[in-house]
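**Student:** Input: one structure, supplied below.
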Amino acid sequence: MSSDILPDAVEGVTKGVLSWGEEKIKQLAEKFRNKELAFIQEKEVIEKLKETKNSGELAFYKTYIKDKEILFIVRLGLTLRKFENNAKILQDFKLKIKKKYEIKGLHIAYFVQNGLLNRYVGILLDDLASPDKLNETICKTLQNIEKHTVFVDWRYNESQVLKESMTITSAHKPDIFIVSGVASAAKIVRDCEPKLAPMLLKYELEKISTGKKEVLFFKYTL
């Protein structure tokens with residue numbers, strides 16, 4: 001009988017260790033997630049962020065964005081979109097993103113929030129032949145967002161937009177160059193369009209124009 005007890009005891013200990021290990025892993029994973037979200041503070045925002053985990057949009061980008069930090073910032077951008085009708089929460093959340101991920105991270109989040117990434121990928125799909133190339137291009141663009149986009153805000157004037165646009169296109173020659181303005185900045189971008197198009201003769205213009213948003217996509221054609 002004693003020979004039967006020993007294997008049973010070993011099996012019981014092994015199951016206990018494995019069970020404890022699985023539980024501990026779950027606890028550590030949850031602790032890490034909570035720490036990752038701690039900078040947000042607002043419960044309502046955290047709940048909305050968690051909802052993005054199951055979105056079709058995020059599922060698509062998970063296929064092509066392997067950098068975990070950038071993918072998380074994409075989720076932050078999707079969450080910003082959910083608060084576009086709540087100026088107070090939206091502004092507070094933007095400030096927290098900027099503090100945590102600096103201006104580059106905020107710009108990536110803007111890029112997602114305002115639908116720029118969706119349309120950017122749509123333009124890419126017209127020409128790219130392979131998923132690997134799409135993956136490489138999306139990641140490179142997000143990692144170097146300032147070399148592809150002018151994010152116009154209320155502090156800009158027309159000459160600044162034109163100058164920055166020429167600097168970026170001359171220095172970096174992006175395949176797709178974007179000028180984006182939201183709210184009061186939309187009018188600034190709209191007013192710049194007639195002057196930008198003749199300056200960027202090697203680019204073909206496509207735009208998104210609504211009352212609150214003006215986005216110019218310049219696609220390199222030569």
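**Student:** Would you mind classifying the range 77-166 by shape? Square roots of the alpha carbon gyration tensor eigenvalues, ordered a ≥ b ≥ c; an a/c under 1.5 is rounded, otherwise it is prolate if a/b is larger than b/c and oblate if not.
**Tutor:** oblate
**Student:** Another question, then. Tell me, what is the Rg over Rh of the range 122-211, with Rh the Kirkwood radius over Cα pairs?
**Tutor:** Taking Rh as the inverse mean 1/r over Cα pairs, Rg/Rh reads 0.98.
**Student:** In the range 120-159, which trypsin sites (Lys or Arg not before Pro) fall in coil by DSSP and have 14 or fewer other Cβ atoms within 10 Å?
**Tutor:** Taking the range 120-159 and a limit of 14 other Cβ atoms within 10 Å, the loop trypsin sites (Lys or Arg not before Pro) found are Arg155.
**Student:** Using the Karplus equation 6.51 cos²θ - 1.76 cosθ + 1.60 (θ = phi - 60°), what ³J(HN,Hα) coupling, rounded to whole Hz, does each residue of the range 130-141 give in order, writing x for Gly and Pro?
**Tutor:** With the stated coefficients, the range 130-141 comes to 9, x, 4, 5, 5, 4, 4, 5, 4, 5, 4, 5 Hz.
**Student:** Taking the Cα-to-Cβ direction at Thr210 and at Cys139 and moving 7 Å from each Cα, how far apart do the two end points lie in nm?
**Tutor:** 3.1 nm
**Student:** List the trypsin sites (Lys or Arg not before Pro) within the range 181-222 that fall in a DSSP loop (any state other than H, G, I, E or B) and whose Cβ has at most 15 other Cβ atoms within 10 Å.
**Tutor:** The qualifying sites are Lys202, Lys212.
**Student:** Pulled fully out, how much extra length does the chain show between Lys173 and Thr221, if you take 0.36 nm times their separation in residues and subtract their Cα-Cα distance?
**Tutor:** Contour length minus the Cα-Cα distance gives 16.1 nm.
**Student:** Something else about it: Determine the alpha carbon to alpha carbon distance for each of Lys48/Lys82; Lys163/Lys187; Lys140/Lys202; Lys98/Lys173 and list only those over 19 Å.
**Tutor:** Lys140/Lys202; Lys98/Lys173
Rule-based calculations on the coordinates, nothing more; no lab input. Since this is a predicted model, take the numbers as computed values, not measurements. Backbone-built Cβ (ideal geometry, glycine too); neighbour counts: all protein chains shown.
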